[in-house]
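J.: Below: one structure in structure tokens.
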Amino acid sequence: GEDAASRTDQTPQSEAIKIPRSIEEVDNGSLLGFGDDLAEDHPGYLDEEYKARRVMIGNLGRSHKVGQEIPRLQYTDTEIATWKEILDSLEEFFPRFACKEYLDAYALCDFSKEEVPQLQDMSELLQKQSGWSIRPVAGLLHPRDFLNGLAFKTFHSTQYMRHHSKPMYTPEPDVCHELIGHVPMLLNPQYAQLAHEIGLASLGASEKDIWHLTKVYWYTIEFGVVMQEGEAKAFGAGIISSYGEIQHQGAGKATLQKLDPYSKLPKMSYKDGYQQLYMTLDSFEDGVKLLRNFASSRPKSCA
Ligand code: NLE
Ligand code: FE2
């Protein structure tokens, strides 16, 4: 399809909004939250060792430059145990609750349980299979930078592990969420295309449109479900990477609503635990078409 550079040329110029021409021009240091500054209610708040490690790993992300290898981390035994516990638990639920595309992509990743996969190796796998790259980041990026990254087929990923005391759910991204939730699906051309379309629409978008696009991203890439044989199956990374949330979604008690990117979307809830509302796609084909039409209508509408 269309590449990021050609879309940039069609986007109305604005003095206030910086439109990156390449991934180098996308800032990976503007954190919106999380990162290594833990809040009082974070399960690692009193764990000095954990906090020091988050700072160390965050600094690796902050000093990374595009084109460099992502530093390899030697994960601790505690971190590896958390990774294994999450994978073991999720594998029980994937066959029932994850969409077909995820099951195939997960098999392709062939994750080890003896060690936490390295972002560099996953980035190389993605580059080979779908042309995407991973760029390390210290925490949750500002939405404009995060979405702009998608336009250049770059996925910003955290590298730290969630706290071992709460493996089944964390409100923040961590390396398990990136590796289990996002990497396999980015090997799927249609999900990758969904993410790319949202990214393209974000180039030069107004502040207001960035927040709307963030919600579109949230209700698809993070918490989307797709109808398969009459059932809502998970593909959103936030469902897939949490063995608490995947059971909650699979139990079918949350509200389902068909995604309409043109309508005003409900407020996202980051911090109140499992989602009470999931947006559905009829199929991936349908979702890609819907978002492509929507995305290509955006630059004009925000002129
Ligand atoms: N709740 C997810 C998990 O526990 O893996 C992370 C969501 C990040 C947006
Ligand atoms: Fe995510």
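The values are calculated or read from the model by the stated rules, or taken from the named source; none is laboratory data. Model, not experiment: these values are computed from the prediction. Here the Cβ positions follow ideal geometry from the backbone for every residue, glycine too, while neighbour counts run over all protein chains shown. Quick note on the areas: whole protein, heavy atoms, side chains included, nothing else; ligands and nucleic acids left out. Shrake-Rupley method; radii C 1.70, N 1.55, O 1.52, S 1.80 Å.
J.: Would you call LEU179 buried (at least 16 other Cβ atoms within 10 Å of the Cβ), at pLDDT below 95 and part of a helix (DSSP H, G or I)? So that I can check it myself, show each step before the final result.
T.: Details: buried (at least 16 other Cβ atoms within 10 Å of the Cβ): yes; at pLDDT below 95: no; part of a helix (DSSP H, G or I): yes.
For LEU179, the condition - buried (at least 16 other Cβ atoms within 10 Å of the Cβ), at pLDDT below 95 and part of a helix (DSSP H, G or I) - is not met.
J.: Could you go through the stretch 4-18 and let me know if any residue there is modelled with pLDDT of 90 or more and crowded, with 16+ Cβ neighbours inside 10 Å.
T.: No, there is no match, as no residue in the stretch 4-18 is modelled with pLDDT of 90 or more and crowded, with 16+ Cβ neighbours inside 10 Å.
J.: In the stretch 158-182, how many residues are of a type in the set (A, V, I, L, M, F, W, C) and near ligand 1 (Cβ under 9 Å from one of its atoms)? I'd like the intermediate steps shown before the answer.
T.: Within the stretch 158-182, the first condition is being of a type in the set (A, V, I, L, M, F, W, C), and the residues that meet it are 161, 168, 175-176, 179-180.
Those left that are additionally near ligand 1 (Cβ under 9 Å from one of its atoms): 168, 176, 180.
Going through the stretch 158-182 one residue at a time, the tally reaches 3.
Every residue, every condition in (1) over 15 Å from the mean Cα position of the chain (by Cα); (2) among the basic types (Lys, Arg), yes or no:
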position: GLN159; (1), (2): no, no
position: LYS166; (1), (2): yes, yes
position: PRO171; (1), (2): no, no
position: ALA195; (1), (2): no, no
position: HIS212; (1), (2): yes, no
position: GLU229; (1), (2): yes, no
position: ILE240; (1), (2): no, no
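J.: Here's something else I'd like to know. Kindly indicate whether LEU194 is buried (at least 24 other Cβ atoms within 10 Å of the Cβ), within 15 Å of ligand 1 (Cβ to nearest atom) and not polar (S, T, N, Q). Reasoning before the result, please.
T.: Working: buried (at least 24 other Cβ atoms within 10 Å of the Cβ): yes; within 15 Å of ligand 1 (Cβ to nearest atom): no; not polar (S, T, N, Q): yes.
For LEU194, the condition - buried (at least 24 other Cβ atoms within 10 Å of the Cβ), within 15 Å of ligand 1 (Cβ to nearest atom) and not polar (S, T, N, Q) - is not met.
J.: Right, here's the next one. Restricting to strands (runs of 3 or more DSSP E) lying wholly in the stretch 199-303: which have 1 or more residues that are within 16 Å of ligand 1 (Cβ to nearest atom) and open to solvent by 10 Å² or more (accessible area, probe 1.4 Å)?
T.: On the way: elements: 225-228, 231-234, 255-258, 277-281.
Because the criterion is at least 1 residues that are within 16 Å of ligand 1 (Cβ to nearest atom) and open to solvent by 10 Å² or more (accessible area, probe 1.4 Å), the strands (runs of 3 or more DSSP E) in the stretch 199-303 that meet it are 277-281.
J.: Only one residue in LEU73, LEU90, LEU60 is among the aliphatic types (A, V, I, L, M) and under 29 Å from LEU281 (Cβ atoms), so which one is that? Break it down stepwise before answering.
T.: Working: LEU73 fails: under 29 Å from LEU281 (Cβ atoms); LEU60 fails: under 29 Å from LEU281 (Cβ atoms).
One residue alone meets the criteria, LEU90.
J.: The conditions are (1) within 15 Å of ligand 2 (Cβ to nearest atom); (2) free of Cβ contacts under 8 Å to residues at least 24 places away in the same chain; (3) of a type in the set (Asp, Glu), and GLU229 fails exactly one of them. Which is it?
T.: (1)
J.: What pairs come out if I take residues in the stretch 166-179 that are over 16 Å from LEU38 (Cβ atoms) and pair them with residues that are more than 10 Å from ligand 2 (Cβ to nearest atom) and open to solvent by 20 Å² or more (accessible area, probe 1.4 Å) whose C-beta lies under 6 Å away, six or more apart or interchain?
T.: PRO167/GLU85; MET168/TYR243
J.: Regarding LEU141, is this residue under 14 Å from the mean Cα position of the chain (by Cα) and either surrounded by fewer than 17 Cβ atoms within 10 Å (Cβ to Cβ) or in contact (Cβ under 8 Å) with a residue 12 or more places away in the chain (or both)?
T.: Here the answer is yes, as LEU141 does meet what is asked.
J.: Next up: Considering every residue within the stretch 167-175, establish whether at least one is within 16 Å of ligand 2 (Cβ to nearest atom), touching a strand residue (DSSP E or B) at 6+ places or on another chain (Cβ under 8 Å) and part of a loop (DSSP other than H, G, I, E, B).
T.: Within the stretch 167-175, one or more residues are within 16 Å of ligand 2 (Cβ to nearest atom), touching a strand residue (DSSP E or B) at 6+ places or on another chain (Cβ under 8 Å) and part of a loop (DSSP other than H, G, I, E, B).
J.: OK, next. Answer with yes or no whether ALA232 is small (Gly, Ala, Ser) and touching a Gly at 6+ places or on another chain (Cβ under 8 Å).
T.: In short, yes.
J.: Would you please name the residue that is farthest from the chain's Cα centre (by Cα), looking only at residues in the stretch 38-70 that are touching a residue at least 60 places away in the same chain (Cβ under 8 Å) and in a loop (DSSP other than H, G, I, E, B)?
T.: ASP47
J.: When only residues in the stretch 71-82 that are aliphatic (A, V, I, L, M) and not in a loop (DSSP other than H, G, I, E, B) count, which is surrounded by the most Cβ atoms within 10 Å (Cβ to Cβ)? Even if it seems obvious, please write down each step before you answer.
T.: Here is the first cut: in the stretch 71-82, the ones aliphatic (A, V, I, L, M) are 73, 80-81.
Narrowing the set further to residues that are not in a loop (DSSP other than H, G, I, E, B) leaves 80-81.
Working: ILE80: 17, ALA81: 15.
Filtering first and then ranking leaves ILE80.
J.: Would you call GLY33 at pLDDT below 85 and within 16 Å of THR170 (Cα to Cα)?
T.: Numbers: at pLDDT below 85: yes; within 16 Å of THR170 (Cα to Cα): yes.
Spelling it out, GLY33 is indeed at pLDDT below 85 and within 16 Å of THR170 (Cα to Cα).
J.: Residues in the stretch 123-133: is at least one outside any helix (DSSP H, G or I) and surrounded by 15 or more Cβ atoms within 10 Å (Cβ to Cβ)? Quick ask: steps written out before the conclusion?
T.: Within the stretch 123-133, the subset outside any helix (DSSP H, G or I) is 131-133.
So of that shortlist, the ones also surrounded by 15 or more Cβ atoms within 10 Å (Cβ to Cβ) come out as 132-133.
The answer is yes, given that some residue of the stretch 123-133 is outside any helix (DSSP H, G or I) and surrounded by 15 or more Cβ atoms within 10 Å (Cβ to Cβ).
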